[in-house]
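I have placed the structure first, in the form of structure tokens, so that the comments after it can refer back to it.
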Amino acid sequence: MKIAVIGTGYVGLVTGTCLAENGNEVLCVDIDKNKVEQMKAGVVPIYEPHLDVLFERNIEAGRLNFTTSLKEGLDFGEVIFLALPTPEDEDGSADLKYVLGVAKEIGEYITSYKVIVDKSTVPVGTADLVHATIAKTCKTDFDVVSNPEFLREGFAVDDFMKPERIVIGSSSERATEVMQRLYQPFVRSGNPVITMDEKSAELTKYASNSFLATKITFMNEIANYCQKVGADVDKVRIGMGTDSRIGKRFLFPGIGYGGSCFPKDVKALHKSGQDIDYSFKILEAVVDVNEKQKTILFPELSSYFDADLKGKTIAVWGLAFKPETDDIREAPALYMIDKLLEVGAKIKAFDPEAMENVEQKYGGKISFGEDMYEVTQDADALLICTEWSIFRTPDYKRLKSNLKQPVIFDGRNLYPTVELAKEGIHYISIGRQKV
């Protein structure tokens, strides 16, 4: 099939590349001329494991191409994916200006039947708005479908190529048949293609992300309580996770969730409720707890240094909001860095992929190292903010030699407390005893 993908951000680029990998002809559209030229030259603008291999292969095969012309994309594609940004507005709602702006142009340009697919995460009722916007000027048949993405950064290629489920929101048999045919190669192992109305599909994405954010936040609350009463959150987590009704995933406590989805989607669903005079009390608590959780280790750091962090050098391991990505949106590390800079601390940071993005944000306010041990040299303490695998088995003797004081503040509970005690390292983590 011939596919046009409008927008080459994280979702759009993964979607276009993976659809091309299954033999479709894909034309990706973006207004950023420099970005388009780079992609034509084979440069992947984001870091995502395995994406570069598929990207290069499909460009060379001629199945994946790029343009800045929306009209060219609309003329080319039978199915038009809208993978446009829906940034958080000041009131927490999702800003639909990019989606509706492109919808207006679609109405003016298309001259034959198209299936328009909302791939972006959008509020309930957006498919109706997109349809109405296109219909104002459109002179041909078209359908609008909601097809939310469920891609985890760091695992997006696998998630797209081997999806747990595909959700199609459509009230048109014609459009539903097109989408089922498009996705058939991705579900040969029997994973479900679930069809429903457009509003239910739109809500499915928000509900899924909000539930997972709630699960994380609940576990963080339990961890904070463990800290107060002397319980061990790791033991509690294991005891809970073996209950099949609860499951093992998303029970790991830490310094809060970040990224492009959970923070924005929870706030957007909460705001959507307010707009119809419904209050999501649970989501209010999730947002409040998560904001506090991002800097929950700051008082521990401050107390350790007798409330005098001025001039102290803090080594930071991990800057991305999670491992296997360079995405720093709403990353807890940045909240901790801001607090430390406010009180005059110095930051030496390392992350396998996200340092360039953080450098663009902070300029010369913080320094970076070539490797994880370099930033600990002569630092007063180590702060861990992201659970990259390379941080999981450090050389403790080297750390003790590098650090002025053998102290680690771990926002991701990477190490067994007993092991750190044996190594003679002062270790503060989340919801576990200090050693």
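The values are calculated or read from the model by the stated rules, or taken from the named source; none is laboratory data. Fair warning: this is a prediction, and the values are worked out from it, not measured in the lab. Every residue, glycine among them, receives a Cβ derived from its backbone with ideal geometry; neighbour counts consider all protein chains shown. Side chains are part of the model used for accessible areas, which takes the heavy atoms of the whole protein and leaves out ligands, DNA and RNA. Shrake-Rupley method; radii C 1.70, N 1.55, O 1.52, S 1.80 Å.
One table, with the values for the structure above:
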| read-out | value |
| --- | --- |
| Residues within the range 195-236 that are open to solvent by less than 40 Å² (accessible area, probe 1.4 Å) and of a type in the set (Ser, Thr, Tyr), tallied | 6 |
| Residues of the range 240-295 satisfying the condition of being open to solvent by 10 Å² or more (accessible area, probe 1.4 Å), outside any loop (DSSP other than H, G, I, E, B) and acidic (Asp, Glu) | Asp275, Glu284, Asp288, Glu291 |
| Test: residue in the range 61-81 that is modelled with pLDDT of 95 or more, under 22 Å from Ser172 (Cα atoms), outside any loop (DSSP other than H, G, I, E, B) and within 24 Å of the chain's Cα centre (by Cα) | yes |
| Conditions (1) part of a helix (DSSP H, G or I); (2) modelled with pLDDT under 95: number failed by Lys199 | (2) |
| Selection within the range 107-148 - touching a helix residue (DSSP H, G or I) at 6+ places or on another chain (Cβ under 6 Å), more than 30 Å from His270 (Cβ to Cβ) and aliphatic (A, V, I, L, M) | Ile110, Val115 |
| Residues within the range 89-99 that are open to solvent by 50 Å² or more (accessible area, probe 1.4 Å) and assigned to a helix (DSSP H, G or I), tallied | 2 |
| Condition check for Glu324: in contact (Cβ under 8 Å) with a residue 40 or more places away in the chain, open to solvent by 30 Å² or more (accessible area, probe 1.4 Å) and touching a helix residue (DSSP H, G or I) at 6+ places or on another chain (Cβ under 6 Å) | no |
| Lys104, sole failed condition from (1) in a helix (DSSP H, G or I); (2) out of contact with any Lys or Arg (no Cβ under 8 Å at 6 or more places or on another chain); (3) open to solvent by 50 Å² or more (accessible area, probe 1.4 Å) | (2) |
| Residue count for the range 93-140, restricted to those that are within 18 Å of Glu78 (Cβ to Cβ) and hydroxyl-bearing (Ser, Thr, Tyr) | 5 |
| Yes/no for Lys365 being surrounded by fewer than 18 Cβ atoms within 10 Å (Cβ to Cβ), in contact with a helix residue (DSSP H, G or I) (Cβ under 9 Å, 6 or more places away or on another chain) and either closer than 26 Å to Thr325 by Cα or among the polar types (S, T, N, Q) (or both) | yes |
| Residue list for the range 164-191, filter: farther than 15 Å from Gly16 by Cα, touching a Pro at 6+ places or on another chain (Cβ under 9 Å) and open to solvent by less than 80 Å² (accessible area, probe 1.4 Å) | Arg165, Ile166, Val167, Gly169, Val187, Asn191 |
| Exclusive hit being aromatic (Phe, Trp, Tyr), on the phi < 0 side of the Ramachandran plot and open to solvent by 10 Å² or more (accessible area, probe 1.4 Å), set Phe66, Phe55, Phe81 | Phe66 |
| Selection within the range 1-58 - part of a helix (DSSP H, G or I), of a type in the set (Phe, Trp, Tyr) and within 20 Å of the chain's Cα centre (by Cα) | Tyr10 |
| Conditions (1) more than 22 Å from Gly259 (Cα to Cα); (2) among the polar types (S, T, N, Q); (3) touching a strand residue (DSSP E or B) at 6+ places or on another chain (Cβ under 7 Å): number failed by Asn191 | (3) |
| Contacts under 8 angstrom Cβ, first residue in the range 212-230 being among the acidic types (Asp, Glu), partner open to solvent by less than 50 Å² (accessible area, probe 1.4 Å), 6 or more apart | Glu221/Val289 |
| Subset of the range 312-345 [part of a loop (DSSP other than H, G, I, E, B) and small (Gly, Ala, Ser)] | Gly318, Ala320, Ala331, Gly344, Ala345 |
| All positions within the range 112-161 that are of a type outside the set (Asp, Glu), open to solvent by less than 30 Å² (accessible area, probe 1.4 Å) and in a loop (DSSP other than H, G, I, E, B) | Lys119, Ser120, Thr121, Val122, Pro123, Gly125, Cys138, Asn147, Pro148, Leu151, Gly154 |
| Output for the range 296-310, where each listed residue is surrounded by 14 or more Cβ atoms within 10 Å (Cβ to Cβ) and not in a loop (DSSP other than H, G, I, E, B) | Phe298, Glu300, Leu301, Ser302, Tyr304 |
